[in-house]
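In what follows, a single structure is set out as structure tokens and then discussed.
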Amino acid sequence: MMSEENNQMNINLFERAIEISSQTDYISASILARKLNIPFEDAIPLFDRLKSEDYISEQAWSTGKKIDQVLVNALEKTSNSKRNVITVRVTDKVLEILDDLVSFSISQSRSEAAYMLIVEGIKAQAGALGKLIDKRDQIKSLKKDILLSAPELKNFGL
């Protein structure tokens, strides 16, 4: 009985994943996880199944994998491994929210609260960032092709 319920739940999740993928230009496991309210690890097989059953194209799947890899890389880093520091100007309201996150012990510092919100923003904009990543990769590839075809241009900083 329990396995039958699990099977039905998996079927329902996959049907919802199909619906989500048909409503957007970009899809990834992280997007599915957020929209289906399931753990990222549970969304990965759903995302892969969308491709294997031809609900999404190879290109859409590849872009989604890139999106997920960017997110995984960002999230796997612990606070001790954060090496980059940026200075950001914020409004009084944003500062108040950062302070609230600290005072309610959601974050240990303003910096950690800002980092958490940045990561959540990246997740929320995963589709748009996937487009950006694709274009960046295309530009890198074009630059490499140019240098291979005309190595003398390397001195011009390309």
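The values are calculated or read from the model by the stated rules, or taken from the named source; none is laboratory data. The shown structure was predicted, so the numbers you read here are calculated from the model rather than taken from an experiment. Because the Cβ atoms are built from the backbone with ideal geometry, glycine has one as well, and the counts that use them run over all protein chains shown.
Just to be sure before I move on: is LEU142 surrounded by fewer than 16 Cβ atoms within 10 Å (Cβ to Cβ), assigned by TED's automatic domain parsing to the domain that holds GLY64 and under 18 Å from TRP61 (Cα atoms) in the structure I sent? Before you say what the answer is, go through the steps one by one.
Working: surrounded by fewer than 16 Cβ atoms within 10 Å (Cβ to Cβ): yes; assigned by TED's automatic domain parsing to the domain that holds GLY64: yes; under 18 Å from TRP61 (Cα atoms): no.
No.
Of the conditions (1) more than 24 Å from ARG136 (Cα to Cα); (2) at pLDDT below 90; (3) in the same structural domain as PHE14 (by TED's automatic domain parsing); (4) charged (D, E, K, R), GLU58 clears all except one; give me its number.
Of (1) more than 24 Å from ARG136 (Cα to Cα); (2) at pLDDT below 90; (3) in the same structural domain as PHE14 (by TED's automatic domain parsing); (4) charged (D, E, K, R), only one is false for GLU58: (1).
What are the residues in the stretch 93-131 that are among the charged types (D, E, K, R) and free of Cβ contacts under 8 Å to residues at least 24 places away in the same chain, if any? Let's see the steps before the verdict.
Filtering the stretch 93-131 down to residues among the charged types (D, E, K, R) leaves 93, 96, 99-100, 110, 112, 120, 123, 131.
Those that are among the charged types (D, E, K, R) and free of Cβ contacts under 8 Å to residues at least 24 places away in the same chain: LYS93, GLU96, ASP99, ASP100, ARG110, GLU120.
Looking only at the stretch 32-52, decide whether some residue is in the same structural domain as LYS135 (by TED's automatic domain parsing), within 17 Å of ASP134 (Cα to Cα) and not aromatic (Phe, Trp, Tyr). Quick ask: steps written out before the conclusion?
Of the stretch 32-52, the ones in the same structural domain as LYS135 (by TED's automatic domain parsing) are 32-52.
Now narrow it down to the ones that are within 17 Å of ASP134 (Cα to Cα): none.
There is no residue in the stretch 32-52 that is in the same structural domain as LYS135 (by TED's automatic domain parsing), within 17 Å of ASP134 (Cα to Cα) and not aromatic (Phe, Trp, Tyr).
Whether any residue in the stretch 100-115 is assigned to a helix (DSSP H, G or I), of a type in the set (Gly, Ala, Ser), modelled with pLDDT under 80 and not assigned by TED's automatic domain parsing to the domain that holds LEU132 is what I want to check.
Within the stretch 100-115, none of the residues are assigned to a helix (DSSP H, G or I), of a type in the set (Gly, Ala, Ser), modelled with pLDDT under 80 and not assigned by TED's automatic domain parsing to the domain that holds LEU132.
Could you list, in sequence order, the residues of the stretch 19-38 that are surrounded by 15 or more Cβ atoms within 10 Å (Cβ to Cβ), in a helix (DSSP H, G or I) and touching a residue at least 24 places away in the same chain (Cβ under 8 Å)?
Here is the first cut: in the stretch 19-38, the residues surrounded by 15 or more Cβ atoms within 10 Å (Cβ to Cβ) are 20-21, 26-36, 38.
Filter once more, keeping what is in a helix (DSSP H, G or I): 20-21, 29-36.
SER21, ALA29, SER30, ILE31, ARG34, listed by residue number.
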